[in-house]
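The values are calculated or read from the model by the stated rules, or taken from the named source; none is laboratory data. Remember, predicted model here, so these are calculated numbers, not experimental data. Methodologically, a virtual Cβ is constructed for each residue, glycine included, from the backbone with ideal geometry; neighbour enumeration extends over all protein chains shown. Side chains are part of the model used for accessible areas, which takes the heavy atoms of the whole protein and leaves out ligands, DNA and RNA. Shrake-Rupley method; radii C 1.70, N 1.55, O 1.52, S 1.80 Å.
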Amino acid sequence: MLAITVIAAVMPCDARSVSEMWLSMPDSLLPYLSSSQRTELTDLVSMGVKPEVQNKLHDKTSIDTLTASYMRVRLSDVSTLELKMLPAGSDSLLCMVTTVSGPEKESDIAFYDTSWQKTTVSITLPAVTARPDTMSVERYDSLQRLLEPQMTWCRLSPADNTLTVAPSAPLVNKSDRQKLNAIMKERTLAWDESLKTFK
């Protein structure tokens, strides 16, 4: 059963909440979800009713987490959307992470100002593998080749300004996946307000 988490938080008076950004989002970014449906979803949250609508693809879209600065939306059976307001000097930036499972997860990251103008944020995703001390270099290199081409997916934290990067392994069988668990590592990056990037 879907559970929605709504957490109260204090926002600076000149900052926009993630709900305000959600409601003002250009329709072109989510063409299968209308502006009125986005409004309906937040209204349902306010009423304490399950926030779910049928989108234009005849699939269900729902909000499962909403705070003043963070929102997680289940767009469909195979995709999710995360929005996070991040401090950026006197203003704030919105980080949008869209994750598709096909069947392994892969994410796209974009940043927007409060007017929904896309911004260029330089972000370098870290390596998501590491060689254990007890593993030979040859064995490690052999396992790394199983991950080529390397794919990653990301998730934002509702509790703080961090981004976690995790590996995906789309082209491996169950046996190889178990072997890869020894070298696959999640990495968590913290938002640097002065540099306006995760690092």
Revision key, fill the gap. Condition set open to solvent by 40 Å² or more (accessible area, probe 1.4 Å) and of a type in the set (Asp, Glu), scope region 134-191, selection farthest from Val121 (Cα to Cα): answer is Glu138
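One line per residue, one yes/no per condition, for (1) of a type in the set (S, T, N, Q); (2) at pLDDT 95 or above; (3) assigned to a helix (DSSP H, G or I):
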| position | (1), (2), (3) |
| --- | --- |
| Val45 | no, yes, yes |
| Glu82 | no, yes, no |
| Pro87 | no, yes, no |
| Ser115 | yes, yes, no |
| Ala127 | no, no, no |
| Met135 | no, yes, no |
Review point. Take the residues of region 97-111 that are open to solvent by 20 Å² or more (accessible area, probe 1.4 Å) and not acidic (Asp, Glu): which is nearest to the chain's Cα centre (by Cα)?
Key: Thr98
Review point. Do we have any residue at all in region 102-119 that's in contact with a Phe, Trp or Tyr (Cβ under 6 Å, 6 or more places away or on another chain) and either more than 27 Å from Asn173 (Cα to Cα) or of a type in the set (A, V, I, L, M) (or both)?
Key: yes
Practice item. Name every residue in region 44-58 that is of a type outside the set (A, V, I, L, M, F, W, C) and open to solvent by 80 Å² or more (accessible area, probe 1.4 Å), in order of residue number. Key: Ser46, Lys50, Gln54, Lys56, His58
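So that you can scan it fast, the table gives a plain yes or no per residue for (1) under 22 Å from Met71 (Cα atoms); (2) of a type in the set (Asp, Glu); (3) modelled with pLDDT under 95:
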residue	(1), (2), (3)
Asp108	yes, yes, no
Ile123	yes, no, yes
Asp141	no, yes, no
Ser168	no, no, yes
Asn173	no, no, yes
Asn181	no, no, yes
Practice item. Please name all residue pairs, on different chains or six or more residues apart, with Cβ atoms under 7 Å, provided the first residue is in region 16-36 and is within 15 Å of Tyr70 (Cα to Cα) and open to solvent by 50 Å² or more (accessible area, probe 1.4 Å) and the second residue is among the basic types (Lys, Arg) and modelled with pLDDT of 95 or more. Key: Leu23/Arg38
